[in-house]
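Student: Here it is: the structure, laid out below.
The values are calculated or read from the model by the stated rules, or taken from the named source; none is laboratory data. Model, not experiment: these values are computed from the prediction. Don't worry about glycine lacking a Cβ; one is built from the backbone with ideal geometry, like all the others, and counts go over all protein chains shown. To get the accessible areas, we keep the full protein, side chains included, count just its heavy atoms, and leave off ligands, DNA and RNA. Shrake-Rupley method; radii C 1.70, N 1.55, O 1.52, S 1.80 Å.
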Amino acid sequence: GEAHAYSIASAICVSILNAYEKEDIVNAVKGLDFSKSRMRLLNGINDSKVIDDSYNSSPKAAQNALETVSKILVKGRKIGILGHMAELGKKTEQEHFNIG
C-alpha cells in the first residue's frame, strides 16, 4: 500500500543521510516481511484478488486501505471486509462509524 511506500522511502532517505551503502539499503528493503495481514495481495476464487488488511486495524490504516482500493481499476465490483479496530477503547464505535 501507499503507506508502506512512504515508510520505506523515509527509511531509505535516513539511510542515505547516514552514509549506509546502497547495497545494504537494497538488501534491507528486499528483506522486509509484510506478512502480518497488512495490505497483503492474495489470489481469490474465479480470478479475483483479495487485499488482506485485517491485522488489528486503526482509523488511519482503514482509511489508507480504502483509499488504496479506490485507486484500483476493475471491470467488476469491489467488496470491502474491514478488520476490527480493537484497541480504541471508548472511541471504537465512533471510529467504526466514521470509516463507514
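Student: Taking the stretch 8-47 as the region of interest, how many residues are within 19 Å of Gly83 (Cβ to Cβ) and not charged (D, E, K, R)?
Tutor: Qualifying residue count, the stretch 8-47: 7.
Every residue, every condition in (1) touching a strand residue (DSSP E or B) at 6+ places or on another chain (Cβ under 7 Å); (2) open to solvent by 50 Å² or more (accessible area, probe 1.4 Å); (3) hydrophobic (A, V, I, L, M, F, W, C), yes or no:
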residue	(1), (2), (3)
Ser10	no, yes, no
Val29	no, yes, yes
Asn56	no, yes, no
Ala62	no, no, yes
Gln94	no, yes, no
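Student: With respect to Ile25, determine if the residue is open to solvent by 60 Å² or more (accessible area, probe 1.4 Å) and among the β-branched types (Val, Ile, Thr). Steps first, answer last, please.
Tutor: On the way: open to solvent by 60 Å² or more (accessible area, probe 1.4 Å): no; among the β-branched types (Val, Ile, Thr): yes.
No, not satisfied.
Student: Follow-up. Just checking, which of Gly44, Gly76, Gly89 is on the phi > 0 side of the Ramachandran plot, without any contact (Cβ under 8 Å) to a residue 60 or more places away in the chain, loosely packed, with under 13 Cβ neighbours inside 10 Å and small (Gly, Ala, Ser)? Give the derivation first.
Tutor: Numbers: Gly44 fails: on the phi > 0 side of the Ramachandran plot; Gly76 fails: on the phi > 0 side of the Ramachandran plot.
Of Gly44, Gly76, Gly89, the one residue that is on the phi > 0 side of the Ramachandran plot, without any contact (Cβ under 8 Å) to a residue 60 or more places away in the chain, loosely packed, with under 13 Cβ neighbours inside 10 Å and small (Gly, Ala, Ser) is Gly89.
Student: Can I ask one more? Do any residues in the stretch 14-32 that are more than 20 Å from His4 (Cα to Cα) have Cβ atoms under 6 Å from those of residues that are open to solvent by 100 Å² or more (accessible area, probe 1.4 Å), where the two are at least six apart or on different chains, and which pairs are they?
Tutor: If the second residue must be open to solvent by 100 Å² or more (accessible area, probe 1.4 Å), no pairs are left.
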